Amino acid sequence: MEQDKKGVDRRKFFGALGGASGVAVAAAVSPLTATVAQAYDPGSAETKTRYRESEHVKAFYRTNGYETLKK
Amino acid sequence: MARMKFLCDADRCIECNACVTACKNEHEVPWGINRRRVVTLNDGKPGERSISMACMHCTDAPCAAVCPVNCFYTTADAVVLHSKDLCIGCGYCFYACPFGAPQYPRVGNFGSRGKMDKCTYCAGGPEADLGTAEYEKYGSNRLAEGKLPLCAEMCSTKALLAGDGEIIAQIYKERVVRRGYGSGAWGWKTAYRETVAI
C-alpha cells in the first residue's frame, strides 16, 4: 500500500513535468509567438538609388536603339 | 523610379560569350564560378537561339524567400543583392532560383561550399561604395560610377540590354516592330500558331 502511494506520486510528478514541457514546446513553435522573418537591411545608404542617366548611360541607350540608324 | 532589368534579344545573340568573359574580368570572379552564362537552344539546328542568362533580379525573389539567414535585400534600383557576411552557403537559393544564378566556390574537398556568389548588376554589395572590401567580395560597382553592367555594354551585337526596364523595353519593342512579320519575334508562334520563317 505504501509502495503504491509512492508510485502514484512519482507518476503525478512525471505527468506534471511532461505537461509543463509540452506547454513550453507548444509556446516555442506556436506561429502566434514566432517572430516574423526580416530581410537583411544594410541601411539606407546602401540601398539608395545609384542608377542615374549619365552621358555614359544615355550613350548606351542611344547606340542600342534604332534611332542611330536613322541619322 | 527606374527599375534595373536585363533583356536579351535572342535574335541578335551569337553565343560569342563576350558577356561572360567581360563579367569574369570586371569582377575578378574566381575559377569555377560564372555569374553569367550563354544558353543555346537547338544547337546546330535550324532555329537555333542563344540567350545570355544571369540573375534576373526578380521583384519577388525566390532566393530571398527561402534564405534561412535572410541575407538578401533589394535596393531602390530593384537590384537583388546579398551579404556574404551573413551567407552560410547552404545552397537553398540555388534550388529556388529558376535561372540557376547563385554560384558557390569550392572551398575544400568532399564538396564543401563557400559563400554564395551571383550577379550584382555591377552594383557591389552592402559595403561602402567603391571600396576595397566591396570589390573583393562582390566586384566592381559600376552603377555607382554612373555606368551600366559591363556584360551589356560589352555586347558586340547589342543583344544584351541593361538599364531602366521601361527604356530597354521600348528599345526592344522598336526592334520587333522594325523586324516585322517573319522575324521570329518572341511570342509570335504562341499568339498566331503559324510557322515562323527565320
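Cut-off 10 angstrom, C-alpha nodes, Gaussian network model of chain B. Which of B:G47, B:G139, B:G114 fluctuates the most?
Evaluated over chain B, the most mobile residue of the options is B:G47.
Can you sort B:V177, B:V39, B:V20 by 1.4 Å-probe accessible area, starting with the largest? Walk me through the numbers on the way to the answer.
Working: B:V177 105, B:V39 55, B:V20 20 Å².
Descending accessible area places them as B:V177, B:V39, B:V20.
Roughly how much of B:T132 is accessible, in Å² to the nearest 10, using a 1.4 Å probe?
My reading of the accessible area for B:T132 is about 100 Å².
Along the charge dipole of chain B, pointing to its positive end and built from +1/-1 on Cβ of Lys, Arg, Asp and Glu, which listed residue (B:Q170, B:C71, B:T120) has its Cα farthest out?
Checked the options; the winner is B:Q170.
Whole-Hz ³J(HN,Hα) for each residue in the range B:23-31, computed from phi via Karplus 6.51 cos²θ - 1.76 cosθ + 1.60 with θ = phi - 60°, x for glycine and proline: what do you get?
5, 4, 6, 4, 9, 6, 5, x, 4
Which ³J(HN,Hα) values in Hz, rounded to whole numbers, follow from the phi angles of the range B:159-175 under the Karplus curve 6.51 cos²θ - 1.76 cosθ + 1.60, where θ = phi - 60° and Gly and Pro get x?
7, 8, 10, 9, x, 4, x, 5, 6, 6, 5, 5, 4, 5, 4, 4, 5
222 nm [θ] for chain B, helices only, -39500 (n - 2.57) per DSSP H run of 4+, per residue, to 500? Before the final figure, lay out the partial values.
Values: 7 runs with 52 residues, N = 198.
Computed ellipticity for chain B at 222 nm equals -7000 deg cm²/dmol.
If r is the Cβ-Cβ distance from B:A128 to A:E55 and R0 is 22 Å, what FRET efficiency results, to the nearest 0.05? It would help to have the intermediate numbers written out before the result.
Working: r = 25 Å, r/R0 = 1.15.
E between B:A128 and A:E55, to the nearest 0.05, is 0.30.
Of B:H57, B:V20, B:N42, which is farthest along the charge dipole of the range B:20-94 in the positive direction, counting Lys and Arg as +1 and Asp and Glu as -1 at C-beta?
Looking along the dipole axis, the top candidate is B:N42.
Which residues' amide hydrogens lie under 5 Å from the amide hydrogen of B:C8, considering only partners 5 or more residues apart or on another chain, with H built in the peptide plane?
Counting only residues 5 or more places away or on other chains, the set is B:L161.
Please list 3J(HN,Hα) in residue order for the range B:111-121, calculated via the Karplus relation 6.51 cos²θ - 1.76 cosθ + 1.60 where θ = phi - 60°; whole Hz, with x for glycine and proline.
Along the range B:111-121, the couplings run x, 5, 10, x, 5, 5, 10, 8, 4, 9, 6 Hz.
Go through B:L150, B:L81 and list them by solvent-accessible area, largest first, probe radius 1.4 Å. Let's see the in-between values first.
Details: B:L150 30, B:L81 5 Å².
These residues rank, largest area first, as B:L150, B:L81.
Subtracting the Cα-Cα distance from 0.36 nm times the residue separation, let me have the gained length for B:T157 to B:V177 in nm, one decimal. Before the final figure, lay out each step's value.
Working: separation 20, 0.36 × 20 = 7.20 nm, distance 1.82 nm.
Separation in residues times 0.36 nm, less the Cα-Cα distance, equals 5.4 nm.
At a Cα cut-off below 19 Å, give the aspartates and glutamates reachable from B:K115, other chains included and same-chain residues fewer than 8 away excluded.
Cα-Cα hits under 19 Å: A:D41, B:E28, B:D85, B:E127, B:E134, B:E136.
Enter the accessible area of B:L86 (Å², nearest 10), with the probe set to 1.4 Å and all protein chains included.
Number for this one is 70 Å².
Return the carbon/sulfur percentage of the accessible area of chain B, one whole number, probe 1.4 Å, all protein chains in place. Display every interim value, and only then the final one.
Details: 5470 of 9830 Å².
Whole-percent figure for carbon plus sulfur exposure: 56.
Hey, got the average number of other protein chain Cβ atoms within 10 angstrom for residues in B:142-149?
Average neighbour count from other chains, rounded to a whole number: 4.
What full-extension length gain, to one decimal in nm, is calculated for B:S112 and B:I51 as 0.36 nm per residue of separation minus the Cα-Cα distance?
Working: separation 61, 0.36 × 61 = 21.96 nm, distance 3.06 nm.
Gain in length upon complete extension: 18.9 nm.
The values are calculated or read from the model by the stated rules, or taken from the named source; none is laboratory data. As the structure is a prediction and not an experimental result, all values here were calculated from the model. When we count neighbours, we look across all protein chains shown, and the Cβ atoms used for this are built from the backbone with ideal geometry, even at glycine. Quick note on the areas: whole protein, heavy atoms, side chains included, nothing else; ligands and nucleic acids left out. Shrake-Rupley method; radii C 1.70, N 1.55, O 1.52, S 1.80 Å.
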